[in-house]
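I have placed the structure first, in the form of structure tokens, so that the comments after it can refer back to it.
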Amino acid sequence: MIADPSRFITDQTRLAPVAFVPEIELYQADEATALWHLTEATLDKVDLPPPFWAFAWAGGQGLARHILDHPELVRGKQVLDFASGSGLVGIAAARAGAAHVEAVDIDPFAVAAISLNAAANGAAIRVRQADLVGADAMDFDVLLAGDVFYDRAFAARLLPWFDRLSRAGVSILAGDPDRTYRPAGAATRELATYAVPVHPTLEDASVKQVRVLRYGVCEEFQPALPGRPGFA
Ligand SMILES: C[S@@+](CC[C@H](N)C(=O)[O-])C[C@H]1O[C@@H](n2cnc3c(N)ncnc32)[C@H](O)[C@@H]1O
């Protein structure tokens, strides 16, 4: 049992600038596997998800960079940072002038990390532990998704939801380093690509090519699923 997740996070990480978004600082770990094992040992649980919250993932870094450099995408808007992890993308949206930012993640450690990181950057963000996949648009204008196409089952749930939200008028922007389950073809429009430095223990390369994608431009959109045309 970890009585105080915030204390665990500050003990196991250090506040440092994000490689590709140095104007934002996050509590980041130096190593993934040891932290993962320590979390499982401390909680006396096995099969926990990796400590996603302790890193700025490639897709999130590219998307955060793009938002800071193109603040008109979120300025004055109601923004959801979906699968927020560390909160990086939501913090970028707040910095870029979003009217309201909500960050959601299913991991309780992510929720604690987002709150710590938001405070460290002076960003006003509402943080929620929730699985919103399938929920209605909830009055958001923009949904931001950094690095979410890494898992087949997760992507298969996300794509029909993104389809429905985009048809309801929500602008969906994703940052993705060519993960296996990234949607492609008619479902996405590429806004930018960035060469993003990444943590050596997380990826198979020190730099990943990250695409910023606008997802589901309504009338063009066709749902894409693994194994079907349109799925990268
Ligand atoms: C690879 S990390 C990306 C984190 C962050 N967006 C970034 O780019 O740095 C994926 C995140 O998705 C979260 N996640 C997985 N399934 C989710 C769900 N159903 N709803 C919300 N978050 C979810 C995980 O807990 C994790 O924090």
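The values are calculated or read from the model by the stated rules, or taken from the named source; none is laboratory data. Quick caveat: nothing in here was measured; it's all calculated off a predicted structure. All Cβ positions, even for glycine, are placed from backbone atoms using ideal geometry, and neighbour counts span all protein chains on display.
A few comments on the model shown:
- Among residues of region 81-114, those that are away from the ligand (no atom under 14 Å from the Cβ) and within 20 Å of S6 (Cβ to Cβ), counted: 1
- The set of residues from region 203-232 being surrounded by fewer than 17 Cβ atoms within 10 Å (Cβ to Cβ), of a type outside the set (K, R) and modelled with pLDDT of 85 or more comprises E203, D204, A205, S206, V207, Q209.
- Across region 30-50, not a single residue is classified as over 21 Å from F8 (Cβ atoms) and free of Cβ contacts under 8 Å to residues at least 60 places away in the same chain.
- Residues satisfying the stated conditions in region 103-112, i.e. under 13 Å from the mean Cα position of the chain (by Cα) and assigned to a helix (DSSP H, G or I): A110, V111
- Positions within region 150-200 being charged (D, E, K, R), away from the ligand (no atom under 16 Å from the Cβ) and crowded, with 18+ Cβ neighbours inside 10 Å, in sequence order: D163
- None of D69, D47 is more than 19 Å from the chain's Cα centre (by Cα) and either exposed (fewer than 13 other Cβ atoms within 10 Å of the Cβ) or more than 16 Å from the ligand (Cβ to nearest atom) (or both) except D47.
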